[in-house]
Amino acid sequence: MVGRSGDRQGTAGEAPAGRHAAVHSRRVRVALAVWAALIASSFAGGAILRARGALPIDRLAPLHADLRLLTVTLLPAAAFGAVAVLALPPLVARTRFGWALLVSYGFALAWAVLLAVSADGLAAPLTHPADYLAVLPSVGDDPLGWLASFTERLPGYPTHVRGHPPLAVLLLWALAAAGLRGPTWAALLVVTAGCSATVAIAVTVRRLAGETVARRSLPYLALTPAAVWIATSMDALFAGVGAWGVALLVLGRAWIGFGAGVLLGALPYLSYGLMPYLLIPVVAGVVVRVPRATVLAALAGAASVTAAFAAGGFLWPAGALATYAEWAPDPGAARPYLYFLVADLGVLAMVTGPATAAGLVRLAPDGVRAVVAAAGVAVLALDVSGVTRGEVERIWLPYTVWIGLAAGMSSGRRWLAAQVVTGLLLQALVLSPW
């Protein structure tokens, strides 16, 4: 009788679990269907609009890119991806957390670099005449003089310089002044900083939700499909700066709070589109209850950045207005608003991968859910504003790495393999100028 009663209890206990699994499975299937439909409709809509002449500068809308087909040259990246899917999860699960971070960083670097060298190489995007390096001769030996006249001389600068504040150029100038000149050194700076977001976000997640969740997230952070644009877009550098600003803040120590503030305060001077990013550290700080002394130190660090630029003759509002004046007559401003309102989200779906779509419907820890939501709200604000209308495969990289954190809520190597395959397909089929 006892055995029979136990059997009945076991059956009763298994039924809710089975129903829960079935509900979750349906949610994942719906999420993947929405993910695929969003991407497909974005490309279909882009093809129709281009045929009608409404998208002259986006030949592979919604991406600012061309179609191509890589084959043999992609084999090293494909082989590495296959090894990484098998090897990285157990490595990050079994080693000390510090070693897990280091190993994941190494995998992230290798993944991004191998994807890049399968085509034109790591440094090729930075050699474009519209990119930041092209303006360094104008800086010369007088960076302070260049900064003071930046807004006034903005119309004469290359496209990317006209669309951004001056800090990125000053960083590249400092790199060259240190003897590390040319696109190769600049590319190494961008990729190493961009891939380091893997480590910074994992450090943050450890504070938000514990070490187990951080370890679980590491393989997905390292093998993100966004690596296609982490190597090599300057926005990857911005992603690294922002991620480390959040990580230093949530560590909660007053003596590093100032450094967190400097990094976070630098973001608006790297890209005007990073103002909404500041929602992420605010949410993360609230979740972990950052001490008041650390908050004050961070505010002081951010204020010091603003003060330094003001003393150098660059006022952020004036720069933003000048950039808007340059952007308004640009072909990018004529892109159809309603199409990109939806299609930019299709690009976001692509670069975060199917595992992110699946992970978004899982019950993630509150802290992880909070920062992913903060990044999502920031992206939606940019999307609705119409300021980032196209080219978000690179522009949204600082946000993409946080939204992609949801992929870590998926389970099993098949989802990690799906991320790798997505990255390989993007690299194989998309010829991007960055």
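Tabulated data
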{"quantity": "The lone exception for Ala54 - which of (1) in a helix (DSSP H, G or I); (2) out of contact with any helix residue (DSSP H, G or I) (no Cβ under 7 Å at 6 or more places or on another chain) it fails", "calculated": "(1)"}
{"quantity": "Boolean, Gly252 is buried (at least 24 other Cβ atoms within 10 Å of the Cβ) and more than 25 Å from Val191 (Cβ to Cβ)", "calculated": "no"}
{"quantity": "Segment 391-434, residues that are in a loop (DSSP other than H, G, I, E, B) and either over 20 Å from Ser42 (Cβ atoms) or touching a Pro at 6+ places or on another chain (Cβ under 7 Å) (or both)", "calculated": "Ser410, Ser411, Gly412, Pro433, Trp434"}
{"quantity": "Matching residues in segment 50-74 - criterion: being over 25 Å from Trp111 (Cα atoms), out of contact with any Pro (no Cβ under 8 Å at 6 or more places or on another chain) and buried (at least 19 other Cβ atoms within 10 Å of the Cβ)", "calculated": "Asp58, Ala61"}
{"quantity": "Any chance Ala116 is in a helix (DSSP H, G or I), touching a helix residue (DSSP H, G or I) at 6+ places or on another chain (Cβ under 7 Å) and under 23 Å from Ala417 (Cβ atoms)", "calculated": "no"}
{"quantity": "Checklist (1) at pLDDT 95 or above; (2) farther than 19 Å from Leu345 by Cα; (3) not acidic (Asp, Glu) applied to Ala378, failing item", "calculated": "(2)"}
{"quantity": "Restricting segment 374-394 to residues that are more than 11 Å from Tyr277 (Cα to Cα) and of a type in the set (A, V, I, L, M), the residue that is surrounded by the most Cβ atoms within 10 Å (Cβ to Cβ)", "calculated": "Val392"}
{"quantity": "Residue, modelled with the highest pLDDT, within segment 359-370, restricted to residues that are of a type in the set (A, V, I, L, M, F, W, C) and over 19 Å from the mean Cα position of the chain (by Cα)", "calculated": "Val361"}
{"quantity": "Qualifying residue in segment 374-385 (condition: in contact with a strand residue (DSSP E or B) (Cβ under 8 Å, 6 or more places away or on another chain), β-branched (Val, Ile, Thr) and touching a residue at least 24 places away in the same chain (Cβ under 8 Å))", "calculated": "no"}
{"quantity": "Exclusive hit being in a helix (DSSP H, G or I), hydrophobic (A, V, I, L, M, F, W, C) and under 21 Å from Ala239 (Cα atoms), set Leu147, Leu133, Leu88", "calculated": "Leu133"}
{"quantity": "Test: residue in segment 159-170 that is in contact with a helix residue (DSSP H, G or I) (Cβ under 8 Å, 6 or more places away or on another chain), modelled with pLDDT of 95 or more, closer than 30 Å to Ala77 by Cα and surrounded by 20 or more Cβ atoms within 10 Å (Cβ to Cβ)", "calculated": "yes"}
{"quantity": "Residue match in segment 176-198 (condition: of a type in the set (Phe, Trp, Tyr) and surrounded by 20 or more Cβ atoms within 10 Å (Cβ to Cβ))", "calculated": "no"}
{"quantity": "Those residues of segment 261-315 which are among the basic types (Lys, Arg) and on the phi < 0 side of the Ramachandran plot, in sequence order", "calculated": "Arg292"}
{"quantity": "Among the residues listed as Asp120, Asp131, the single one being touching a residue at least 60 places away in the same chain (Cβ under 8 Å) and among the charged types (D, E, K, R)", "calculated": "Asp131"}
{"quantity": "Flag if Pro225 is outside any helix (DSSP H, G or I), within 26 Å of Leu115 (Cα to Cα) and modelled with pLDDT of 95 or more", "calculated": "yes"}
{"quantity": "Failed criterion for Ala77 (all others in (1) in a helix (DSSP H, G or I); (2) surrounded by fewer than 18 Cβ atoms within 10 Å (Cβ to Cβ); (3) at pLDDT 95 or above; (4) not aromatic (Phe, Trp, Tyr) hold)", "calculated": "(2)"}
{"quantity": "Residues of segment 395-421 classified as touching a Ser or Thr at 6+ places or on another chain (Cβ under 9 Å) and surrounded by fewer than 24 Cβ atoms within 10 Å (Cβ to Cβ), total", "calculated": "1"}
{"quantity": "Hits in segment 94-104 - residues which are in contact with a Leu (Cβ under 9 Å, 6 or more places away or on another chain), touching a residue at least 24 places away in the same chain (Cβ under 8 Å) and not polar (S, T, N, Q)", "calculated": "Ala100, Leu101"}
{"quantity": "Verdict on Arg26 being at pLDDT below 95 and farther than 19 Å from Ala407 by Cβ", "calculated": "yes"}
{"quantity": "The listed residue being assigned to a loop (DSSP other than H, G, I, E, B), aliphatic (A, V, I, L, M) and over 25 Å from Ala418 (Cβ atoms), out of Val377, Val387", "calculated": "Val387"}
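For (1) surrounded by fewer than 21 Cβ atoms within 10 Å (Cβ to Cβ); (2) at pLDDT 95 or above; (3) farther than 21 Å from Leu425 by Cα, each residue gets a yes or a no:
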residue: Val83; (1), (2), (3): yes, yes, no
residue: Leu86; (1), (2), (3): yes, yes, no
residue: Val92; (1), (2), (3): no, yes, yes
residue: Gly106; (1), (2), (3): yes, yes, yes
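Conditions tested, residue by residue: (1) crowded, with 18+ Cβ neighbours inside 10 Å; (2) in contact with a strand residue (DSSP E or B) (Cβ under 8 Å, 6 or more places away or on another chain); (3) assigned to a helix (DSSP H, G or I); (4) modelled with pLDDT of 95 or more.
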| position | (1), (2), (3), (4) |
| --- | --- |
| Ala318 | no, no, yes, yes |
| Leu321 | no, no, yes, yes |
| Glu326 | no, no, yes, no |
| Ala343 | yes, no, yes, yes |
| Ala349 | yes, no, yes, yes |
| Ala357 | yes, no, yes, yes |
| Val372 | yes, no, yes, yes |
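The values are calculated or read from the model by the stated rules, or taken from the named source; none is laboratory data. Please read these numbers as outputs of a predicted model, since none were measured by experiment. All Cβ positions, even for glycine, are placed from backbone atoms using ideal geometry, and neighbour counts span all protein chains on display.
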